[in-house]
Amino acid sequence: KSMVSQDNYIFALDIGTRTVVGVIGEYIDEKFFLKDYISIPHPKRAMVDGQVEDIKQVAKIVAQVKEQLEANNGIRLTQVAIAAAGRALRTMHTTMEFDISEKDYITEDMVKSMEVETIQKAKTELDESSKSRSSFYCVGHSVVTYKLDDYKMMSLEGHKGNSAEVDLIAAFLPSAVVEGLYAVMDMNDLEVTSLTLEPIAAMNVIIPPEVRLINIALVDIGAGTSDIAISNNGSIVAYAMSTVAGDEITEEIIRNYIVDFETAEQMKVSSYKEKIEYKDILGFEHTVTSEEFFKGIYPAVGSLAENIAENILKANGQPPAAVFLVGGGSLIPDLAKYVAERLDIPENRV
């Protein structure tokens, strides 16, 4: 009863393969200020490769995150923004031209309408080219360029002309991925106010617009997915997603040391210690040095680096000028070095 309404506070959730992270913040003078955050791990594997598989279990963890943030801050949370990962990402690069000769000037609503029409065109093209029976939902888009009478523009709003062109990349996920997320929100009485793709969210936070002139690859390495966004010439020009990520390292530890998943995760996060103590599935206790431990997981680290490099090259067409590795998986020792080697770029550029 003492809780205040959410009002202008923004509540956002990152529902990851290993953890659920919730944040509360607000915009003041166009800057986002973080008020509070909380991270709670899944007690068991309720998500695979970024996709909700056990809806009830994921909903329980979301409820814990929501309730703790409400209790800590005295705010009743009713609306949420979410970022989606998941299998089978599809992207469509689409351009559409509009006749604006009879318009006095271009308004913000007109720009939004043009973008929506371009996304609808991308969706139609995807449906026509897809052999999958799944329906797809748009989970985010990035404008590559605007044009006014064939001239590139940073913004169309307020201008006059004869024709406008919108060139954008739209990202789509299968309906099962999106509907799973919405089901979790419904079970927690949360209205989804916005949905975006995880690499779009990461790019907006980490790479400011003025730095996007440089050809940069940003890779968000979680437990289940490695999400990639590419910038160049001031725009985000490509997205990619791989289901090779931190869990592959965990699985290598399971095979090497005959331990369960939770023990392998604990060993991974304890790898900074000089010696790692663990109990195998037979109940025997062991100690391994960090040096021995890293030698054992190097094949999996090399495989992850290879996969990241391949996906960057496929999305970008060439090695980028620099790579930013973020997310829990980016903390894996020597991963940055291996990615640099496979992309044939200087090690200090990753």
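Just a few scattered comments:
- Among the residues of region 330-347, the ones that are in a loop (DSSP other than H, G, I, E, B) and either over 25 Å from Gly16 (Cα atoms) or open to solvent by 70 Å² or more (accessible area, probe 1.4 Å) (or both) come to 3 in all.
- Scan of region 276-298 for residues that are in a strand (DSSP E or B) and surrounded by 12 or more Cβ atoms within 10 Å (Cβ to Cβ), ordered by number: Ile276, Glu277, Tyr278, Lys279, His286, Val288, Thr289
- Residues located in region 310-329, provided they are over 16 Å from the mean Cα position of the chain (by Cα) and outside any helix (DSSP H, G or I): Gly317, Gln318, Pro319, Pro320, Ala321, Ala322
- Looking only at residues of region 41-52 that are open to solvent by 20 Å² or more (accessible area, probe 1.4 Å) and touching a residue at least 24 places away in the same chain (Cβ under 8 Å), we find that the one that is farthest from Gly224 (Cα to Cα) is Arg45.
- Residue match in region 133-143 (condition: modelled with pLDDT of 90 or more, assigned to a loop (DSSP other than H, G, I, E, B) and either at positive phi or of a type in the set (S, T, N, Q) (or both)): no
- Some residue of region 52-70 being within 19 Å of Leu181 (Cβ to Cβ), part of a loop (DSSP other than H, G, I, E, B), aliphatic (A, V, I, L, M) and touching a Phe, Trp or Tyr at 6+ places or on another chain (Cβ under 8 Å): no
- Conditions (1) touching a Pro at 6+ places or on another chain (Cβ under 8 Å); (2) free of Cβ contacts under 8 Å to residues at least 12 places away in the same chain; (3) not hydrophobic (A, V, I, L, M, F, W, C): number failed by Ser132: (2)
- Filter result for the condition that a residue is more than 29 Å from the chain's Cα centre (by Cα) and either open to solvent by 50 Å² or more (accessible area, probe 1.4 Å) or more than 27 Å from Ser194 (Cα to Cα) (or both), over Ser155, Ser129, Ser163, Ser135: Ser163
- Qualifying residue in region 286-295 (condition: within 21 Å of Glu198 (Cα to Cα) and in contact (Cβ under 8 Å) with a residue 24 or more places away in the chain): no
- Residues in region 135-174 that are among the acidic types (Asp, Glu), free of Cβ contacts under 8 Å to residues at least 60 places away in the same chain and closer than 21 Å to Leu213 by Cα: Asp150 only.
- Among (1) more than 30 Å from His93 (Cα to Cα); (2) open to solvent by less than 60 Å² (accessible area, probe 1.4 Å); (3) assigned to a loop (DSSP other than H, G, I, E, B) - the single one Val244 does not satisfy: (1)
- Test: residue in region 257-275 that is exposed (fewer than 13 other Cβ atoms within 10 Å of the Cβ), part of a helix (DSSP H, G or I) and among the β-branched types (Val, Ile, Thr): yes
- Candidates are the residues of region 215-249 that are among the aliphatic types (A, V, I, L, M) and out of contact with any strand residue (DSSP E or B) (no Cβ under 7 Å at 6 or more places or on another chain); the one that is nearest to Val21 (Cα to Cα) is Ala223.
- Selection from region 194-210 of residues that are in contact (Cβ under 8 Å) with a residue 40 or more places away in the chain and either open to solvent by 10 Å² or more (accessible area, probe 1.4 Å) or not in a strand (DSSP E or B) (or both): Ser194, Leu195, Thr196, Glu198, Pro199, Ile200, Ala201, Ala202, Ile206, Ile207
- So Lys121, is it open to solvent by 60 Å² or more (accessible area, probe 1.4 Å) and closer than 17 Å to Asp99 by Cβ: yes
- Exactly one residue out of Leu13, Leu89, Leu77, Leu34 is open to solvent by 80 Å² or more (accessible area, probe 1.4 Å) and out of contact with any Pro (no Cβ under 8 Å at 6 or more places or on another chain), and it is Leu34.
The values are calculated or read from the model by the stated rules, or taken from the named source; none is laboratory data. Just so you know, these numbers come straight off a predicted model, no measurement behind them. FYI the Cβ positions are ideal-geometry reconstructions off the backbone, even for glycines, and counts take in every protein chain you see. These area figures cover heavy atoms from the full protein model, side chains too; ligands, DNA and RNA do not enter into them. Shrake-Rupley method; radii C 1.70, N 1.55, O 1.52, S 1.80 Å.
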